[in-house]
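Written out below as structure tokens is the structure these notes cover.
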Amino acid sequence: EVLSALGQGMDVLLCMGETAEERGGGSPEEQQAQIKKVLSAQIERGLKGVAEFLPARQIVIGYEPIWAIGPGKTPPDGEYIARVSSMLKESTKRRYGFEIPVVYGGGLKEQNAEMVAGIGTIDGGLVALTRFSGEIGFYVDELKRIVQRYCDAAKDKKH
């Protein structure tokens, strides 16, 4: 799919993440080794053959751990996201000679926009819904608040 999209002149958002089983148990260091193995395989499969299109076309990695998807699940903290996004950037830089941007795909919300903006190895975030209770949906005024909170925190990070 990635090669097909690039061949049609499109840019690509390549989504990836690990399941709880793939992450495994043990210490954070042991988990990190497992996560690196899983995501490296996803990078290899997802980006196989793309070198001829780069850097003319844009590829962005959307990262979200699969184990954190869904209502009632606890999302990873900033440290976890920073470790994984750093590994993704290092891996793609080693493979392609430049960093591929990584965005947090776990749903940018008002509650996490500042935290995500503060992660130096994250280049943005995806917004799927703006409201997760009551009238669940996507509301432009709420999107504006999310984006503003993210931009303000990102601006503060640069100073």
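The values are calculated or read from the model by the stated rules, or taken from the named source; none is laboratory data. Nothing here was measured: the structure is a model prediction, and the numbers come from that model. Don't worry about glycine lacking a Cβ; one is built from the backbone with ideal geometry, like all the others, and counts go over all protein chains shown. All accessible areas refer to the heavy atoms of the entire protein, side chains included, with ligands and DNA or RNA removed. Shrake-Rupley method; radii C 1.70, N 1.55, O 1.52, S 1.80 Å.
If I ask for residues that are at negative phi, open to solvent by 30 Å² or more (accessible area, probe 1.4 Å), touching a helix residue (DSSP H, G or I) at 6+ places or on another chain (Cβ under 9 Å) and not aliphatic (A, V, I, L, M), which ones from the stretch 46-58 would you list?
Answer for the stretch 46-58, where residues must be at negative phi, open to solvent by 30 Å² or more (accessible area, probe 1.4 Å), touching a helix residue (DSSP H, G or I) at 6+ places or on another chain (Cβ under 9 Å) and not aliphatic (A, V, I, L, M): 48, 52, 53, 55, 57.
Within the stretch 104-129, restricting attention to residues that are in contact with a Leu (Cβ under 7 Å, 6 or more places away or on another chain) and touching a residue at least 60 places away in the same chain (Cβ under 8 Å), which residue is least open to solvent (accessible area, probe 1.4 Å)?
Step by step, filter the stretch 104-129, then rank; the result is 105.
Mind checking which residues of the stretch 8-26 are part of a helix (DSSP H, G or I) and surrounded by 12 or more Cβ atoms within 10 Å (Cβ to Cβ)?
20, 22, 23
Of everything in the stretch 51-84, what is aliphatic (A, V, I, L, M) and in a helix (DSSP H, G or I)? Give them in sequence order.
Answer for the stretch 51-84, where residues must be aliphatic (A, V, I, L, M) and in a helix (DSSP H, G or I): 51, 66, 68, 81, 82, 84.
Look at residue 87 and say whether it is in a helix (DSSP H, G or I), of a type outside the set (Lys, Arg) and farther than 19 Å from residue 22 by Cβ. Steps first, please.
Values: in a helix (DSSP H, G or I): yes; of a type outside the set (Lys, Arg): yes; farther than 19 Å from residue 22 by Cβ: no.
No.
Here's a check for you: in the stretch 90-103, which residue that is assigned to a loop (DSSP other than H, G, I, E, B) and under 12 Å from the mean Cα position of the chain (by Cα) is surrounded by the fewest Cβ atoms within 10 Å (Cβ to Cβ)?
Let us first name the residues in the stretch 90-103 that are assigned to a loop (DSSP other than H, G, I, E, B), namely 97-101.
Going one step further and asking which of them are under 12 Å from the mean Cα position of the chain (by Cα), we end up with 100-101.
Numbers: 100: 23, 101: 18.
Checked the stretch 90-103; the qualifying residue surrounded by the fewest Cβ atoms within 10 Å (Cβ to Cβ) is 101.
For the stretch 58-75, how many residues are under 29 Å from residue 48 (Cα atoms) and of a type in the set (Ser, Thr, Tyr)? Before you say what the answer is, go through the steps one by one.
Going through the stretch 58-75, the residues under 29 Å from residue 48 (Cα atoms) turn out to be 58-69.
So of that shortlist, the ones also of a type in the set (Ser, Thr, Tyr) come out as 63.
The number of residues fulfilling the criteria is 1.
Find all pairs meeting these conditions: Cβ atoms under 6 angstrom apart; at least six residues apart or on different chains; first residue within the stretch 133-159 and over 14 Å from residue 112 (Cβ atoms) and open to solvent by 90 Å² or more (accessible area, probe 1.4 Å); second residue modelled with pLDDT under 95 and of a type in the set (Val, Ile, Thr).
Note: pairs meeting the criteria are 138/130.
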